[in-house]
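Structure, as structure tokens:
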Amino acid sequence: MCTRLPRFTAPMRRHESSITQFVVARAAGPLAAHEKSAYRQGTMLLDATECDMPRMSVRQAPEMLLDGWFARLQRARGALLMLDYDGTLAPFHIDPAQARPYPGIVEILDAIIQESRTRVVLISGRRAGELGALLGLRVRPEIWGAHGWERLLPDGALHIERAPQEALNALLAASKSADRAQDLGARIERKPSSLALHWRGLPPERVPQMRAAVEDDWSALCRRAPVELLEFDGGIELRVTGRTKAHAALTVLRECEQDTPAAFLGDDVTDEDAFAALQGRALTVLVRPELRSTAAQIWLRPPQELSVFLQRWRHARESVDCDGLRS
Ligand SMILES: [Mg+2]
């Protein structure tokens, strides 16, 4: 069985003061019992009763840590903001072509890109070319698509990594069973390095049948070719191994000056690779209406908490002078 599950097991250090070394539970309110349980499945829960920090409530902790983060952002010469799109900046839509950003997000991002000395990079599972029109930003940012296989630069130059031929052959072979799932109502999405089945919006009782139409065939292909099966919110995907969002995020991060404050915001299990890879190197933020087990440090509920986070980013960066000092 080659299904690759998210890795949530990276150990966390409890006693250091940097925000990047804490797991923060949520931005408001105490955790319900089932939420605590979900968090403990894979990550440490920062809780007054469970760590050696001065006692603080779960409600206070994120704010204190975020205050430290934004103070650092305000002092830095440059900054890097990496963002997933679907589910993070935009609510899901059954028709992906209609998935527009939450109200107000485009305006804040425009301001961050143009006025705040921040490098903004989109990192998505979609084709890179799809996002520019959906976002509608005044200045197009760099966009990584297809989980790191495509890189669309702000000047329009598109770089596509070619997947190994045997992996491409496996995707071709996988199409036959995908067609069966399509007959049952699933939507097929073909990308240069993956084949995805979407069942978002369909009756839940039909999902097992659609999954069964592909799972055995796709699992067999995983044993023969460099492809892997990955679940995501609302579907399943057969993906060529070798590129992930973590690859994209680390590549961009390496291009920045050392110590550049960086953050990565995502919602899905396909963002967990990046959350894990960026531990200790960037602020990682799960953006999602409900908490789930995650390697991210902070959980924000869209759209309100997301909007506040981005506004704070904008304001922190707007007060940086040209020498990287506070104005
Ligand atoms: Mg997403």
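The values are calculated or read from the model by the stated rules, or taken from the named source; none is laboratory data. Everything numeric in this text was worked out from a predicted model, so none of it was measured. Reconstructed Cβ throughout: ideal geometry from the backbone, glycine too, with neighbour counts over all protein chains shown.
Observations, loosely collected:
- Breaking point among (1) farther than 16 Å from G125 by Cβ; (2) in contact with a strand residue (DSSP E or B) (Cβ under 6 Å, 6 or more places away or on another chain); (3) in contact (Cβ under 8 Å) with a residue 24 or more places away in the chain, for L153: (3)
- Listed by position, the strands (runs of 3 or more DSSP E) inside segment 58-165 whose residues that are over 21 Å from T284 (Cα atoms) and either touching a helix residue (DSSP H, G or I) at 6+ places or on another chain (Cβ under 8 Å) or more than 14 Å from the ligand (Cβ to nearest atom) (or both) number at least 3 are 150-152, 158-160.
- Yes/no for E290 being in the same structural domain as V121 (by TED's automatic domain parsing), within 16 Å of the ligand (Cβ to nearest atom) and surrounded by fewer than 20 Cβ atoms within 10 Å (Cβ to Cβ): yes
- For G68, the test of being surrounded by fewer than 17 Cβ atoms within 10 Å (Cβ to Cβ) and outside the structural domain of L310 (by TED's automatic domain parsing) is passed.
- Flag for V320 being within 16 Å of the ligand (Cβ to nearest atom), in contact (Cβ under 8 Å) with a residue 24 or more places away in the chain and among the β-branched types (V, I, T): no
- Pairs where the first residue, in segment 69-91, is under 20 Å from F232 (Cα atoms) and the second is away from the ligand (no atom under 12 Å from the Cβ) and part of a loop (DSSP other than H, G, I, E, B), C-beta under 7 Å, 6+ apart: L89/P101; L89/Y102; A90/R100; A90/P101; A90/Y102; P91/Y102
- Residues that are away from the ligand (no atom under 16 Å from the Cβ), farther than 30 Å from V214 by Cα and of a type in the set (G, A, S) within segment 237-276 comprise just one, A262.
- Yes/no for G234 being modelled with pLDDT under 95, on the phi > 0 side of the Ramachandran plot and in contact with a Phe, Trp or Tyr (Cβ under 7 Å, 6 or more places away or on another chain): yes
- Residue within segment 296-304 that is at pLDDT below 95, surrounded by fewer than 19 Cβ atoms within 10 Å (Cβ to Cβ) and away from the ligand (no atom under 16 Å from the Cβ) present: yes
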